[in-house]
1. Just wondering, is there one or more residues in the stretch B:25-46 that are among the aliphatic types (A, V, I, L, M), at the interface with chain A (Cβ under 7 Å from one of its Cβ atoms) and surrounded by fewer than 22 Cβ atoms within 10 Å (Cβ to Cβ)?
2. Going through A:64, A:50 one at a time, which residue ends up being within 24 Å of residue B:115 (Cβ to Cβ) and assigned to a helix (DSSP H, G or I)?
3. With respect to the numbered conditions (1) of a type in the set (S, T, N, Q); (2) part of a helix (DSSP H, G or I); (3) within 11 Å of chain A (Cβ to nearest Cβ), which one is the sole condition not fulfilled by residue B:83?
4. Taking into account only those residues within the stretch A:38-70 that are among the acidic types (Asp, Glu) and more than 7 Å from every other protein chain (Cβ to nearest Cβ), which is surrounded by the most Cβ atoms within 10 Å (Cβ to Cβ)?
5. Name the residues in the stretch B:30-51 that are over 20 Å from residue B:107 (Cβ atoms) and modelled with pLDDT of 95 or more, would you?
6. Of all residues being of a type in the set (A, V, I, L, M), more than 11 Å from chain A (Cβ to nearest Cβ) and free of Cβ contacts under 8 Å to residues at least 12 places away in the same chain in the stretch B:100-127, which is surrounded by the most Cβ atoms within 10 Å (Cβ to Cβ)? Just the residue, please.
7. I'd like the full set of residues that are in contact (Cβ under 8 Å) with a residue 24 or more places away in the chain and either over 17 Å from residue A:52 (Cα atoms) or not polar (S, T, N, Q) (or both), limited to the stretch A:90-105.
8. Out of the stretch A:53-84, which residues are of a type in the set (A, V, I, L, M) and more than 26 Å from residue A:38 (Cα to Cα)?
Amino acid sequence: MATSPTGGHAALRREARDLLLVATGAVPGALLRWHLEDLGKGLMGGHAGLIEFDLIANLLGTFLIGVIAAQPAPRPRLMLLGGIGFCGSLTTFSSWMLQISLALRRGRPDEALIVVLISLLGGLVAVSVGLVVGRWFRR
Amino acid sequence: MAAAGGNDALFVAIGAVPGALLRFRVINHFEPMLPRKHWGTFGVNLIACFAIGLLVSLQSSCGLAAGRTLLLLGTGFLGSFSTFSTWIAELHATLDRHQRREAVLLCGGSVLGGLLAVAAGLALGSS
């Protein structure tokens, strides 16, 4: 946050740069997720495709955020562009929860539970693997 | 389902930018007021769950526009506003610090809260 009144011009420019970095990461992230969802609907049809390909988007983004978080020195620009922008938009909590709610409403609590468990455990594994891989790239 | 055309991509992209920016600003804004940063992510995700429930039920009950509204607001805006990756990374960090109670609260609270929020949105939109 760079909104201190004393910062003046420099603070405003930093603020604009931060927002631009987040926005630049967000567009390809959201488009990739949307393409994956579309691919899922095409390959598997409706609900199942959405659930499975949202899961792929979520696990991919979670792996990548692990890689970024493993970088030793603070990398604020990489975090804004790749972490908050790209990974944040590639992954989604709202669609995931919506799919789980709809599965419950279809009378499929088993399906809902499996999706929750695979997403949670898979996500924790993905971020751990990302952290390990990210350490290889350390400079 | 309409084929993924260039125009549709524009709707997703136009929704995604304010979604991601708002998430970034809201989480940063509330960070000093919260005991842990992850409760900011939690709040953002729950708001997005409520909103997507509302959006979906408004679309099915009043036929509020067609697929493109859903692409702009659902896939683009709310999809980018909410985040799974940061949530899991923060959950992993709490587990790493052996804060089991905090991890259980964050995990259980997000899943149960998310389901309730979606249900509340769906109910409000169809009432």
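The values are calculated or read from the model by the stated rules, or taken from the named source; none is laboratory data. Note that the structure is predicted; figures quoted are calculated from it, not measured. So basically every Cβ, Gly included, is an ideal-geometry build from the backbone, and we count neighbours across all protein chains shown.
1. So far as the stretch B:25-46 goes, no, none of its residues is among the aliphatic types (A, V, I, L, M), at the interface with chain A (Cβ under 7 Å from one of its Cβ atoms) and surrounded by fewer than 22 Cβ atoms within 10 Å (Cβ to Cβ).
2. On inspection, the qualifying residue turns out to be A:50.
3. (2)
4. It comes out as A:54.
5. Matches in the stretch B:30-51: B:51 only.
6. B:105
7. Passing the criteria: A:90, A:96, A:102, A:103.
8. A:67, A:68, A:69, A:70, A:73, A:78, A:79, A:80
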